[in-house]
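Encoded as structure tokens, the structure appears first; notes follow it.
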Amino acid sequence: MDHVDGVPAAPAAPLDEGTLRALVPRVLAGLVRRGEDFDAAEDALQDALLEALRVWPEHPPRDPRAWLTTVAVRRLVDARRSEAARRRREEAVETQPSPGPAEETDDTLLLLFCCCHPDLPPASQVALTLRAVAGLTTREVADAFFVPEATMAQRISRAKRSLRGQRLDRPGDLAVVLRVLYLVYTTGHAGRVDLAAEAIRLTRQLTLATDEPEARGLLALMLLHHARRAARRDDEGRVVPLDRQDRSRWDAHEVAEGVHVLQQALAEQTDDRPPGRHQVEAAIAALHDDAASAAETDWPQVLAWYDDLVALSPDPARQDPAAVLARAVAVGHVLGPAAGLRETERVHDVLGDRHRWHATRGYLHELAGDLPAAADAYAEAARRATSADERDHLVLEAARARAGRVRPVR
């Protein structure tokens, strides 16, 4: 049997780069948990990955994670030996126990908290999480933020420099971690289903480590939205709005789990501890998912939850305009389209130049039966859309309204 870098190999199919990527956060987290410097640990792991790509096709290891950990630790030892205080550092390192077989525990959650360190700005927390925990390349992270790759590389490098020399025993607080997880999910929600699933996995793990209801609220919200993923596009890849989606394609298991997790979170509600944002948003999503058809949506309950949501902000029109705009749709269904249109005016100064403001007004005009006004609003929304998918969808909506065809619902 061949041996590579001291780790025995067994005859097996070589692993592809996707498998390597999945191992990265777990190995990196294990190195950080041992007290290694974050930046140095990642550099050593990158060296180990390059070595793996060279060696594994001919000599696949029996335990890939242990192999990567062993090689990375040896690279760290080699780096320490090159420093001025080589003898003192080498003696300290050699007294540490050998890494041995990789532990079965998943340290990814620890790594997540490290990436959400309070010394890092929010944008860097998310970028470092996507890079280190989700395993995205720098180019993929840059694409998620719509910035050049070089800009993102500098941002990630600055974040790692900020953590250099720290023991990482002061991780980000739970509220920051929840926000970062939500942003990771929405990045995946926009197209990378695997990234959305990773956010769900991490949030599920977080709920096992904390009793905080908002963590369960976030998990429920993710599950209830993720359950609809198969119905969000038609056979030609076009966007399908919620009220036209084929609900038989929704994942009933994820819906049921999301509702169950939400009920657990809401059961801990007290007068001193009302539901937080994630729980409220999950409750709204649950009402949509629970309806057998769009026509059977319990809009009065949806509106009641939106009332709770906007009440979380002292000045919702400026601090949470998206919630005010979404509430306007619920108002339109409960109190009439005219009332909903009046509600949209509350956020005109904040969102009036955004396509969603015009698209919402188009929907409300159509709800009122005014198809010409709806067509004009949809056309204006299409002109302001920031993505090709949204623009194409809104162009079709405008054409349908101009042709006098009413909005189909399911």
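The values are calculated or read from the model by the stated rules, or taken from the named source; none is laboratory data. The structure presented is a predicted model; accordingly, all values stated were derived computationally and were not measured. Please note: Cβ atoms are built from the backbone with ideal geometry, for glycine as well, and neighbour counts cover all protein chains shown. SASA here: full protein model, heavy atoms, side chains in, ligands and nucleic acids out. Shrake-Rupley method; radii C 1.70, N 1.55, O 1.52, S 1.80 Å.
Available extension along the chain between ASP290 and ALA368 is 25.5 nm, counting 0.36 nm per residue and deducting the alpha carbon span. Each label point was placed 7 Å from the Cα along the Cα-to-Cβ direction; for ASP389 and ALA304 their separation is 3.3 nm.
Here each label is just a point 7 Å from Cα along the line to Cβ, and for THR19 and ARG54 those points are 2.0 nm apart.
Relative protection proxy for 279-287, 230-238, 313-321, 335-343, from highest mean packing down: 279-287, 335-343, 313-321, 230-238 (other beta-carbon atoms within 10 angstrom).
The label-point distance for ASP194 and ALA150, in a model that sets each label 7 Å from Cα toward Cβ, rounds to 2.9 nm. Summed over the residues of the chain and divided among them, the accessible surface reaches 49 Å² per residue at a probe radius of 1.4 Å. Per-residue ellipticity at 222 nm from helix content only, as computed over the chain with -39500 (n - 2.57) for each DSSP H run of at least four residues, stands at -20000 deg cm²/dmol.
Can you tell me how region 321-410 classifies by the Cα gyration tensor, rounded, prolate or oblate, using a/c under 1.5 as the rounded cut? It is oblate, given that a/c is not under 1.5 and a/b is not larger than b/c. In plain terms, the chain from GLU345 to GLU268 could stretch by 24.1 nm, reckoned as 0.36 nm per residue minus the Cα-Cα distance. Full extension of the segment from VAL406 to ASP243, taken as 0.36 nm per residue of separation minus the current Cα-Cα distance, would add 57.4 nm. Taking a ≥ b ≥ c as the square roots of the eigenvalues of the Cα gyration tensor, region 217-334 is oblate, since a/c reaches 1.5 or more and a/b is not larger than b/c.
For the chain, the fraction of 1.4 Å probe accessible surface lying on carbon and sulfur atoms is 51 percent.
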